[in-house]
Amino acid sequence: MQATVNGIDTRYVFEDRSGGPALTFIHQLGGDLSVWDTLAGHFRHRFRVLRYDVRGHGASAVSTSAFGFKELAADLTALLDAKDIEKTHLVGMSMGGMIAQQFALDHAPGAAHDARSRVLSLTLCDTASRTAPEARDTWNERAALVRREGTSAIADVTMARWFTPEFRRTNRDTVAPICDVLLRTPSEGYARACEALRDFDVHERLARLHVPTLAVAGRHDSGTPPALTEALAAAIPDARFEILDAAHLAPVEESHGFAALLESFLRQQAQQLHPASKPQ
């Protein structure tokens, strides 16, 4: 399905069969909505599940101008509006976790479950709350490399960062399609997202969030070391931090463990909203 979102032709999948609360998944840099196929299938019977390709990724159009995370969060806002989704649980991985943080800061002004809030809960995976100044040149260099040579120039090192060696060896049927998505990512879309990542910093604002939050890190993540995700969790009041035995794409590499964590977390939020309801 396609929608025009802030002038960007955007691909999305919305499974609206359950009648439950909305659950929105946001993918990583160099990914697309297919990275969530397994988890979407797991949750679609209890939630209305939304996935989409971030601008410049997958089948969504490449932006003709520079953008930051305010614009990426505004894209999500417009897509939710287009599907008449007032409130949603948000799950974001890597870059997707940064979009989720920005969106939460833009739309969760009060306490948990504030009537004004559009965020029911946050699940932030393998992500950070800011890019350190000393790391910004790295993003400039990566953007320049991809503009010159395409995403094939970074494919091998990216797969090594996204998955542990053992997982890559024994789960080629999972890894190969994710690598193919990276290779098909438009160079300019990837590069512009790198430049947005270079400038991302919401860390000092996270204390304002009063949204139930689960932060999940991969123990072997070299791209976003677990300490960065743990620092993010420490900055959000009452956030919960968990580690899985995985590299950067922990929700993929440890899909069963992640699904169990997310299911437990979402059930807890439902029980807090409706204390008299019985656990499912």
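Just so you know, all these numbers are worked out from the coordinates, no wet-lab data involved. A quick note: this is a predicted structure, and the numbers were derived from the prediction, not measured. Cβ coordinates were reconstructed from backbone atoms using ideal geometry, including for glycine residues, and neighbour counts include every protein chain displayed.
Spin-label pair THR138-ASP201: with each label point 7 Å from Cα along the Cα-Cβ axis, the two points sit 1.6 nm from one another.
With the contact rule set at Cα under 8 Å and sequence spacing of 6 or more, what percent relative contact order holds for the range 134-238?
33 percent
Projecting the Cα atoms of ILE26, PHE103, SER117 onto the dipole axis of the range 6-141, where Lys and Arg carry +1 and Asp and Glu carry -1 at the beta carbon, places SER117 farthest toward the positive end.
Full extension of the chain between SER65 and ASP238 gives 58.5 nm of extra length, using 0.36 nm per residue less the Cα-Cα distance. In this simple spin-label model, placing a label point 7 Å from the Cα along the Cα-to-Cβ direction at both ARG208 and ASP245 gives a separation of 4.1 nm. Let's see if you can work this out: charge +1 on each Lys and Arg Cβ, -1 on each Asp and Glu Cβ, no other charges. What is the dipole magnitude of the range 70-172 about its Cα centre, in debye to the nearest 20? The calculation lands at about 260 debye. Do the sum for the chain: with -39,500 (n - 2.57) for every DSSP H run of n ≥ 4, divided by all residues, what is the mean residue ellipticity at 222 nm, to the nearest 500 deg cm²/dmol? My calculation for the chain gives -13000 deg cm²/dmol from helical runs alone. Karplus-based coupling profile of the range 44-52, in residue order and whole Hz: 5, 7, 10, 9, 8, 9, 10, 9, 8, with θ = phi - 60° in 6.51 cos²θ - 1.76 cosθ + 1.60 and x standing for Gly or Pro. Maximal additional length on extending the GLN2-ARG161 stretch stands at 54.1 nm, based on 0.36 nm per residue less the C-alpha distance.
The calculated FRET efficiency for GLU263 paired with LEU145, based on their beta-carbon distance and R0 = 41 Å, is about 0.55.
Using alpha carbons only, how many degrees (0 to 90, rounded to 10) separate the axis of helix 187-198 from the longest principal axis of the chain? Roughly 60 degrees, rounded to the nearest 10.
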